[in-house]
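In what follows, a structure is listed as structure tokens, so that the remarks can point back to it.
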Amino acid sequence: MNFFEVLFDETSGAPVAEYGGDPRWSGVAVNFVESVDGVVALATEGESGAVVSGGSRADHFLMGLLRSCADAVLIGAGTLRAAQRDLWFADSIFPEARDLYARVGRLRPRLYVVSGSGQVDPAHPALRDGVLLTGKLSPREILERIGADGHQRILCEGGPRLFTELAAAGLVDEIFLTLSPHLFGRFAGDGRKALTDGRDLGGQPLRLRSLRRSGSHLFLRYAVGSAS
Ligand SMILES: NC(=O)c1ccc[n+]([C@@H]2O[C@H](COP(=O)([O-])OP(=O)(O)OC[C@H]3O[C@@H](n4cnc5c(N)ncnc54)[C@H](OP(=O)(O)O)[C@@H]3O)[C@@H](O)[C@H]2O)c1
């Protein structure tokens, strides 16, 4: 199973052969899929990622791989509400690679969901084992709560609003971004979202760490906060 043509990769840690490099990170990484015209979230019912990626198997494989590398996965309540049945396990997004994920790390990193309002469905299947953090927390407090449970390598899977808060606080170390070969378009009041939402991030610099290709999908990995 190897989806990727590796065009560039500066990582030097223990490689995962099926990825062609070391997918692990230190601290907080985020993972998103975005269309070529910058759309990450659609306003339609249901989870946007699979639509934006065009159902890319390579993207799903990578999502599972990054989950398996993580101690904990963090999402915002908006992302939970949009995906009524998702579990955020490594093997739930790409079951075929279960054995590989188990070799690399955890099949079921602990899920944390943040909700200022507390208005989430307590019967959501992801909350059977997942942890719901309610009340308005600063981005630092969110990470401290997760760190207090002993988790160090954190994967944030969005959405745009939560990611933007973390980025504005300078708390994101790396960005895994799948560029999906689709155009969705945007218009005033459409409810669609770009990768970041609601904050001025002031032109934060990013540095490319790796670039992969699978067909017309590109898989970019950036370090945050260091110029090119
Ligand atoms: N393309 C992709 O890769 C991708 C990835 C993830 C999500 N998505 C899509 O993105 C959309 C959801 O994104 P979104 O930006 O609307 O929502 P979001 O970031 O997932 O969630 C926002 C919510 O999280 C809670 N929250 C955020 N910061 C908080 C803080 N500091 N303290 C406490 N709670 C906090 C709040 O919950 P309350 O509202 O409960 O107060 C807030 O309204 C969905 O359509 C989803 O499918 C796409």
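The values are calculated or read from the model by the stated rules, or taken from the named source; none is laboratory data. Bear in mind that the values here come from a model prediction, so they are computed numbers and not experimental data. Using ideal geometry, Cβ is built from the backbone for each residue, glycine included, and neighbour counts are taken over all protein chains shown. Surface areas here come from the heavy atoms of the whole protein model, side chains and all, with no ligands, DNA or RNA. Shrake-Rupley method; radii C 1.70, N 1.55, O 1.52, S 1.80 Å.
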- Among the residues of region 107-133, write down those that are surrounded by 17 or more Cβ atoms within 10 Å (Cβ to Cβ) and among the polar types (S, T, N, Q). S115
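Scan region 131-154 and tell me whether some residue there is under 14 Å from the mean Cα position of the chain (by Cα) and either at positive phi or not in a helix (DSSP H, G or I) (or both).
Just the residues of region 131-154 that are under 14 Å from the mean Cα position of the chain (by Cα), to begin with: 153-154.
Those still in the list that are either at positive phi or not in a helix (DSSP H, G or I) (or both) too: 153-154.
Yes, the conditions are met somewhere in region 131-154.
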- Note on the structure: Heads up, the helices (runs of 4 or more DSSP H) in region 1-106 (entirely inside) with at least 2 residues that are open to solvent by less than 40 Å² (accessible area, probe 1.4 Å) and touching a residue at least 60 places away in the same chain (Cβ under 8 Å) are 49-53, 57-69, 77-82, 98-104
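Quickly run through region 154-170 and pick out the residues that are more than 13 Å from the ligand (Cβ to nearest atom) and touching a Leu at 6+ places or on another chain (Cβ under 7 Å).
As a first pass, look at region 154-170 and keep what is more than 13 Å from the ligand (Cβ to nearest atom): 154, 170.
Residue satisfying the conditions is I154 alone.
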- Task: Please find, within region 1-36, the residue that is nearest to the chain's Cα centre (by Cα) out of those that are among the polar types (S, T, N, Q) and within 16 Å of the ligand (Cβ to nearest atom).
- Result: N31
- Message: Would you confirm, using the coordinates I've provided, whether R128 is under 26 Å from Y19 (Cβ atoms) and either more than 8 Å from the ligand (Cβ to nearest atom) or out of contact with any Leu (no Cβ under 8 Å at 6 or more places or on another chain) (or both)?
- Response: no
- Item | So D173, is it away from the ligand (no atom under 13 Å from the Cβ), within 14 Å of the chain's Cα centre (by Cα) and either more than 26 Å from R57 (Cβ to Cβ) or among the acidic types (D, E) (or both) | yes
- Pairs under 9 Å by beta carbon, first residue in contact (Cβ under 8 Å) with a residue 12 or more places away in the chain in region 162-175, partner in a helix (DSSP H, G or I) and away from the ligand (no atom under 11 Å from the Cβ), six or more apart or different chains? I175/A167
- Item | Count of region 68-85 residues which are within 13 Å of the ligand (Cβ to nearest atom) and at pLDDT 95 or above | 11
- Some residue of region 197-212 being in contact with a helix residue (DSSP H, G or I) (Cβ under 9 Å, 6 or more places away or on another chain), touching a residue at least 24 places away in the same chain (Cβ under 8 Å) and not in a loop (DSSP other than H, G, I, E, B): yes
- Item | Output for region 134-153, where each listed residue is more than 9 Å from the ligand (Cβ to nearest atom), open to solvent by 10 Å² or more (accessible area, probe 1.4 Å) and among the hydrophobic types (A, V, I, L, M, F, W, C) | L143, A148
- Given (1) assigned to a loop (DSSP other than H, G, I, E, B); (2) more than 13 Å from the ligand (Cβ to nearest atom), V120 misses just (2)
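Considering each residue of region 35-47, count those that are touching a helix residue (DSSP H, G or I) at 6+ places or on another chain (Cβ under 7 Å) and modelled with pLDDT of 95 or more, and give that number.
Residues flagged as touching a helix residue (DSSP H, G or I) at 6+ places or on another chain (Cβ under 7 Å) and modelled with pLDDT of 95 or more within region 35-47 amount to 5.
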